[in-house]
Structure formats: structure tokens, C-alpha cells
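Laboratory data are not the source of any read-out in this text; all were calculated from the coordinates shown. None of the values given here were measured: they were computed from a predicted structure. Every residue, glycine among them, receives a Cβ derived from its backbone with ideal geometry; neighbour counts consider all protein chains shown.
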Amino acid sequence: MRHPRPRVNRRDLLRLRRFNDATPVSNPVSSDRPSSGDLIKATRPAMGSYFEVRIAANTPGGADLVGRVLDRIDELETQLTVYRDDSEVSRLNAAAHRGPIEVEPGLFRLLELALELGRATGGAYDVTTGALSEAWGFFKGPRRVPSPQDLADARERTGQHHLSLDPERRTVTFDRAGVAINLGSIGKGYAIDAAAEVVKGYWWPTSALIHGGRSSLYALGSPPGQFGGRWEIAVRNPFQPETPLGILRLRNRGMGTSGTDFQRFESDGRIYGHILDPRTGEPAFGPASVTVLAPTAAEADALSTAFYLLGPAAAASYVTAHPEIGAIFVNEGDADGSPSIVTFGLTDDDFLRDP
């Protein structure tokens with residue numbers, strides 16, 4: 001008998017694992033002298049989730065540094081969100097069909113990356129899914145099955161071929177009204193990468209683990225007190241959330257996880273998830289979760305969505321052509337409820353499966 005799948009928050013598909021069970025996580029306000037293995041942790045809500053930064057507790061000026069890191073994420077939320085009319089992305093969506101709009105250099109580079117990943121995945125990743133998200137009610141609600149006409153209209157306004165970038169002028173143009181950029185599947189990773197750059201630029205050499213809701217993260221350097229070591233992340237079992245599937249070991253690498261159990265709705269007895277296939281306009285039904293490791297958190301975020309839509313065979317081909325990428329597919333397995341785990345591009349040292 002198969003166990004019913006519990007509702008798992010996509011933002012919590014991974015559990016941060018203490019890298020040494022004997023190593024305490026320090027309280028930043030403690031009067032005790034921190035050791036080389038203790039951690040400062042700072043958390044702040046942002047982008048509909050929460051972000052956490054972990055650095056060595058003995059980092060000079062560490063409390064100020066983690067504040068600057070989280071401030072950087074706040075700045076990017078203000079720029080990238082589509083839930084505020086005055087954000088740069090919202091203003092771009094409202095006006096780019098009238099003519100070229102100059103954008104901030106970082107945002108332009110992000111859009112270049114998004115289009116590159118869209119081409120590399122045959123359109124499985126697409127940054128212009130805003131119209132589809134609105135049609136299905138995943139933008140501002142209510143969640144619903146759109147009428148055939150509404151869906152057709154949204155599909156007419158979806159596709160990165162509607163988007164033109166001019167690198168010399170750093171401008172963005174849409175070829176028709178109603179096209180809407182949606183950075184939901186890459187923006188969190190981009191913010192984490194930018195936060196990591198703040199740490200990299202700090203005057204004192206500092207490692208860090210930065211995560212956004214535990215579905216997106218970047219592991220910078222090695223854990224405090226473990227020169228050459230890796231940060232360890234427990235991969236949760238979507239079917240039995242308290243039982244980890246194994247441990248990911250990361251250093252200077254981003255990670256992203258996609259799944260549909262959290263954002264979904266039911267209509268006429270059918271479940272619809274929030275991951276929309278830009279090629280069909282329909283919600284996809286894929287594996288329980290897909291986790292991707294990549295050089296940056298932004299790439300990992302976008303590719304986890306693309307791989308969810310492409311499936312294991314196409315993902316395997318992509319990983320073969322891009323050896324810097326690794327992936328984990330989790331799905332229902334045996335009748336006893338044991339999940340099926342398939343990995344691509346990962347060594348036994350990257351992913352330690354639980355027995």
C-alpha cells in the first residue's frame with residue numbers, strides 16, 4: 001500500500017545539518033569566547049520566505065557582516081519583486097512593450113543568464129511565465145483553472161522570444177503588451193549569490209552558508225574549523241519528512257530544489273501544482289522533488305525547475321554536457337513507501353545516501 005504524500009513546504013525540502021554533532025551553534029549575544037567552530041546565525045524574512053546566514057562566530061565584526069548580507073537581500077527584493085508596482089521588474093513589465101528600457105547592470109546580467117538557460121533547456125526554463133502564473137491564480141489569486149480562452153491568451157504572451165536584450169545599451173524590449181517577466185524560479189538564488197559576494201568582499205577571509213527557505217542556498221568555503229571540509233545538508237524525504245534521504249556535501253557551490261507539494265490547489269478532484277510548463281501553459285506533474293547543484297545558486301534554482309519539467313533522461317543528457325552540474329531526482333518507489341532516488345553528476349563524496 002502506498003503512503004499518501006504529505007504536504008511538504010517547497011521552502012523546507014532540505015534541512016541544514018550541523019556539520020559536527022559535537023560542535024555547538026553559538027549565540028551571537030553570548031559573553032562566552034567563541035571557538036573556531038562556533039557559528040553566528042542571523043535570519044530575516046524576505047521574498048515570501050526567510051533567509052539565513054551562518055558564519056564563524058569568531059569573525060571580526062561578524063554581527064555587522066551578517067546584517068550587511070541580509071540588507072543586500074532586502075535591496076534585491078525591492079528590485080525584483082512583482083508584488084510592488086514600483087519595483088524595477090514591475091516597471092519593466094509595465095513599459096517594455098513601448099520601447100527599450102534601460103535596466104540596472106546586475107538585473108541585465110540576470111536576464112542574460114535566464115535566456116541562456118532557456119535556450120540550453122529547450123524552453124523548459126522560461127523567465128516570461130508571468131502571464132501564465134496570473135492566469136492560473138498563482139500570482140495574486142484566487143487559484144483556478146483558466147478558461148481555454150484565458151489560457152490561450154496567456155500562452156500568446158509567454159515565451160522568451162518576446163524578449164529582446166541590447167547588451168551595448170543594456171536595454172530590454174518586449175515585442176508585445178502583456179509579456180511579464182517572472183523571476184520566482186531564479187531570483188532567490190540570484191539574491192543568495194549576491195549575498196555571497198558581500199561575504200567574499202569582506203576584509204577578513206570568511207566562509208558562509210546562505211540559504212533562502214532551505215530550498216535555495218550557497219555554500220561558501222569550508223565550515224569554520226574544518227579547513228578543506230564541506231558544509232553538510234540533509235536532504236529530506238518528501239514522503240517521510242523526518243527521515244533524511246542522505247547528506248549533500250558542498251563547498252563553493254549553489255543548490256536549488258523544486259517540488260509542487262506546497263503551492264497547489266484542487267479542482268474537480270484533480271491536483272494542480274505551481275510549476276507551469278511554459279511550452280504547454282499547463283501545470284506539470286513530475287517527481288516529488290528535484291535538487292540541482294551548480295556553480296551558482298541562481299543556476300541551481302532555474303535548472304531544478306527545468307529538470308522537473310524535462311524529466312530524468314533529458315536531465316542526464318544536460319548533466320553529461322555540463323559536468324559542473326549535479327542532480328537528484330526523488331519519486332515514489334516501492335510499495336512499502338521507500339522513495340526512488342536517481343542521481344546524475346554526483347560522486348559518493350558529494351551525496352552520502354542514508355542506508
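Set against the 2.2 N^0.38 Å expectation for a compact globular protein, the chain has a Cα radius of gyration ratio of 1.00. State the Cα centre-to-centre distance between the stretch 296-355 and the stretch 110-178 in whole Å. The stretch 296-355 and the stretch 110-178 have Cα centres spaced 26 Å from each other.
Per residue, how much space in cubic angstrom lies within the convex hull of the C-alpha atoms of the stretch 81-174? Write out the running numbers ahead of the final one.
Working: hull volume 9.5 nm³, N = 94.
Per residue, the Cα convex hull of the stretch 81-174 comes to 101 Å³.
Once both labels are positioned 7 Å from their Cα atoms along Cα-to-Cβ, the gap between R251 and H322 label points is 2.4 nm.
Using the per-residue mean of other Cβ atoms lying within 10 Å as a proxy for protection, in what order, highest first, do the peptides 240-253, 142-155 fall? Display every interim value, and only then the final one.
Details: 240-253: 16.9, 142-155: 13.8.
Those peptides, ordered most packed to least, come out 240-253, 142-155.
Loop-located chymotrypsin sites (Phe, Trp or Tyr not before Pro) across the stretch 131-212 with a Cβ neighbour count of 10 or fewer within 10 Å are W203, with loop assigned by DSSP.
Since only G141, V66, H97 are under comparison, the one whose Cα sits farthest along the positive direction of the charge dipole of the chain, derived from C-beta charges on Lys, Arg, Asp and Glu, is V66.
Compared with the alpha-carbon gap, the fully stretched path from A120 to S338 is longer by 75.2 nm at 0.36 nm per residue. Segment R44..R84, full-extension length gain: 12.5 nm, with 0.36 nm per residue of separation and the alpha-carbon distance subtracted.
Sequence-ordered 3J(HN,Hα) estimates for the stretch 200-210 from the Karplus curve with 6.51, -1.76 and 1.60 and θ = phi - 60° stand at 4, x, 5, 5, 9, x, 9, 9, 7, 10, 10 Hz, glycine and proline given as x.
Evaluated with a Cβ-only charge set (Lys, Arg +1; Asp, Glu -1), the chain carries a dipole of roughly 420 debye about its Cα centre, given to the nearest 20. Out of A284, A124, A177, any idea which swings most in a Gaussian network model of the chain, alpha carbons joined below 10 Å? Comparing A284, A124, A177 in a Gaussian network model of the chain, the most mobile one is A177. Of the residues R270, R44, R109, the one that moves most in a GNM of the chain with alpha-carbon contacts below 10 Å is R270. Applying the Karplus relation 6.51 cos²θ - 1.76 cosθ + 1.60 with θ = phi - 60° to the stretch 82-90 yields 3J(HN,Hα) values of 9, 9, 10, 5, 9, 6, 5, 5, 5 Hz, where x marks Gly and Pro.
Neighbour counts of other Cβ atoms within 10 Å put T171, T129, T347 in the fewest-to-most order T347, T171, T129. For the stretch 145-187, the residues whose amide N sits under 11 Å from a probe point set 7 Å from the Cα of D268 along the beta carbon direction are 145-148.
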